[in-house]
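A.B. asks: Supplied in structure tokens, the structure appears directly below.
The values are calculated or read from the model by the stated rules, or taken from the named source; none is laboratory data. All values reported here derive from a predicted model rather than from experimental measurement. Ideal geometry is used to build each Cβ from the backbone, glycine not excepted, and the neighbour counts take in all protein chains shown. Remember, those area values only see protein heavy atoms, side chains included, never the ligands or the DNA or RNA. Shrake-Rupley method; radii C 1.70, N 1.55, O 1.52, S 1.80 Å.
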Amino acid sequence: SCAGSGVYDVLSNYTDDQMKSYETVLHVVSAGNDGTFTCSPYPPSFATVKTGFQCAKNVLTVGAMYQADYAIANFSSRGPVQDGRIKPEVVACGVSLTSTAQNNLYGPNSGTSMSGPVVAGAVTILNEQYRKLNSGATPKAALIKALICNNAEDLGNPGPDYTFGFGMLNARKAAEAMEGSTYFISNIAPSLHTISVPAGVRRLKVMLYWADPAAAANAANTLINDLDLSVTAPGPVTHLPLVLDATPGNVNADAAEGADHINNIEQVIIEDPVAGNYDLNVTAFSVPQGPQEYILTYQMEMNGVTVEYPFGGETWVPGQTETIRWTAYGSETNTFTLEYYDGSAWNTISSTIPASERSYNWVVPSTVSNNYLVRLSRNSSPYTDQSDYSFAVIGQPV
């Protein structure tokens, strides 16, 4: 109920304290399924994130979305939590996922208890990949959380919001950011990190995150160590993090640039950045329990299209419906053409897919082959991409 929402309590304190003591532990927590509630004076669905583990600062709290149309699930709990912080941080599919059921069966299930494990699985794989890249060393939880949040696909209002957080999980981008070492780990503030932004970047995203010490249960403001992020672009032009307004009448308003003294996670987003050097500045506003280590990570969303699924290696069944998915930036008013290769020739699926779509439901053809590919092109533009590897189409045994 509303009385059980949004409070930083003894469980929140306990979890944050544990994650400061054990820096490689990342708890992934489901936000709750109270999105159908109205918690006055907030609008319907808002301020419904559950009290306890969900409200801890250092956990990764996950909401649920519909996979079909990328909308938020009506039951998914939304922020803000009581002190105005962003929760959930990310969302993943949580509607009609196939899972285990009673009596040794499988069946569909829905809830943030379904989307949470999706993200936990991605966290596990990212831990594995980090170990491969770093001689078996285990990554700090703060790095994994920052990579997942900054590389999420923005949904809902531009930038962070109390419904989708920083967006939809994109584990591929998080892995590529790890592999590309597009992050800094430091405990020196003030500090300056300079990156070079090439031409053709649609969006630059910079995130500062730190695992904050535990606050007292029921504290009005739970932030202990307060770091600040700013990004100086050529010009020079200085950009501040996107900040949300937690007052009940403005919880669904777009985030605006400003100083953030509530969250231990801050994000600067620059649309269509000019090429050149960018200074990422981290300063210490107040650090009573220092030194404070932080993660600073950046992502450049390049103009172009990327086929996300099928990636390659999948096995599809003739006559079944599969959902082809992609991400796309640049020439954003142009429609798409989608094609498939069946091992012998390219065939058009559709040449008039609306510009705003990011998925297409396709009935798998009957031609059996293990050399299938999918190709997507943005019409009247140079942007095109295809599956990284081939996938198979073959009948399912009965």
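A.B. asks: Whole number please: convex hull volume per residue of the Cα set in segment 214-332, in Å³?
C.D. replies: On the way: hull volume 29.0 nm³, N = 119.
Measuring per residue, one finds 243 Å³ for the Cα hull of segment 214-332.
A.B. asks: Probe of 1.4 angstrom, ligands and nucleic acids ignored: what's the accessible area per residue over segment 48-163, in square angstrom?
C.D. replies: On the way: 4330 Å² over 116 residues.
With the other protein chains kept in place, segment 48-163 gives 37 Å² per residue.
A.B. asks: Could you please tell me the mean projected area of the C-alpha convex hull for segment 316-356, averaged over all directions and given in square nanometres to one decimal? Intermediate values should be presented prior to the final figure.
C.D. replies: Details: hull surface 15.2 nm².
It is 3.8 nm².
A.B. asks: Tell me the carbon and sulfur percent of the accessible area for the chain, rounded to whole percent, probe radius 1.4 Å. Intermediate results must be reported in sequence, preceding the final value.
C.D. replies: Working: 8700 of 16920 Å².
Carbon-and-sulfur percentage of accessible area, whole number: 51.
A.B. asks: Only helices at least 24 Å long along their own axis, judged from Cα atoms, and with Kyte-Doolittle mean hydropathy of -0.5 or greater: name those in the chain from DSSP H. Walk me through the numbers on the way to the answer.
C.D. replies: Details: long enough: 112-133 (31 Å, 0.21).
Correct list, ordered by number: 112-133.
A.B. asks: May I ask you to compute the full-extension gain from Thr36 to Asn277, defined as 0.36 nm times their residue separation minus their alpha-carbon distance, rounded to one decimal in nm? Before the final figure, lay out the partial values.
C.D. replies: On the way: separation 241, 0.36 × 241 = 86.76 nm, distance 4.60 nm.
In short, 82.2 nm is gained.
A.B. asks: Moving to a separate point now. Pick from Val91, Val268, Val305: which residue has the top mean-square fluctuation in a GNM of the chain where Cα pairs under 10 Å get a spring?
C.D. replies: Maximum fluctuation in the GNM of the chain, among the listed residues, is at Val305.
A.B. asks: Which semi-axes, in whole Å and largest first, does the equivalent ellipsoid of segment 17-124 have when worked out from the alpha carbon gyration tensor as the square roots of 5 times its eigenvalues? Walk me through the intermediate numbers first.
C.D. replies: Working: eigenvalues 102, 82, 24 Å².
Each semi-axis is the square root of five times an eigenvalue, giving 23, 20, 11 Å.
A.B. asks: Based on Cα positions only, what radius of gyration and what Dmax would you give for segment 261-317, in angstroms?
C.D. replies: Taking only Cα atoms of segment 261-317, I get Rg and Dmax of 19.0, 59 Å.
A.B. asks: Sticking with this one: How big is the shadow of the Cα convex hull of segment 99-190, averaged over all directions, in nm²? All intermediate terms of the calculation are to be shown ahead of the outcome.
C.D. replies: Values: hull surface 34.7 nm².
About 8.7 nm², averaged over all directions.
A.B. asks: Please enumerate, by chain and number, the aspartates and glutamates with C-alpha under 15 Å from the C-alpha of Lys132, excluding those fewer than 8 residues away in the same chain.
C.D. replies: Glu176, Glu179
A.B. asks: Also, I was wondering about something else. Going Cα to Cα from Lys20, which lysines come in below 20 Å? Please leave out same-chain ones fewer than 8 positions away.
C.D. replies: Lys57, Lys87, Lys140, Lys145
A.B. asks: Now for a separate question. Long-range amide H contacts for Gln67: which residues qualify at under 5 Å (H placed 1.01 Å from N, peptide plane, sequence gap of 5 or more or a different chain)?
C.D. replies: Amide H neighbours of Gln67, under 5 Å, 5+ apart: Gly94, Val95.
A.B. asks: With every protein chain left in place, what is the accessible area of His261 in Å² (1.4 Å probe, nearest 10)?
C.D. replies: Per-residue accessible area (His261): approximately 60 Å².
A.B. asks: Okay, moving on. Where Rh is the Kirkwood radius over the Cα pairs of the chain, the temperature 20 °C and the viscosity 1.002 mPa s, what D in µm²/s does Stokes-Einstein return?
C.D. replies: On the way: Rh = 22.2 Å.
Diffusion coefficient, whole number: 97 µm²/s.
A.B. asks: Next question, about the same structure. Taking the Cα-to-Cβ direction at Val398 and at Thr321 and moving 7 Å from each Cα, how far apart do the two end points lie in nm?
C.D. replies: Distance between label points: 2.2 nm.
A.B. asks: Here's a follow-up. R0 = 30 Å: FRET efficiency of Asn221 with Glu332, Cβ-based, nearest 0.05? Don't skip to the answer; put the middle values down first.
C.D. replies: Values: r = 39 Å, r/R0 = 1.31.
Efficiency for this residue pair is about 0.15.
A.B. asks: Per the chain: cysteines with no other Cys C-beta under 4.7 angstrom?
C.D. replies: Cysteines lacking a close Cβ partner in the chain: Cys55, Cys93, Cys149.
A.B. asks: Separate question: Could you provide, to the nearest whole Å², the per residue accessible area of segment 198-321 with probe 1.4 Å?
C.D. replies: Working: 4910 Å² over 124 residues.
On a per-residue basis, segment 198-321 sits at 40 Å².
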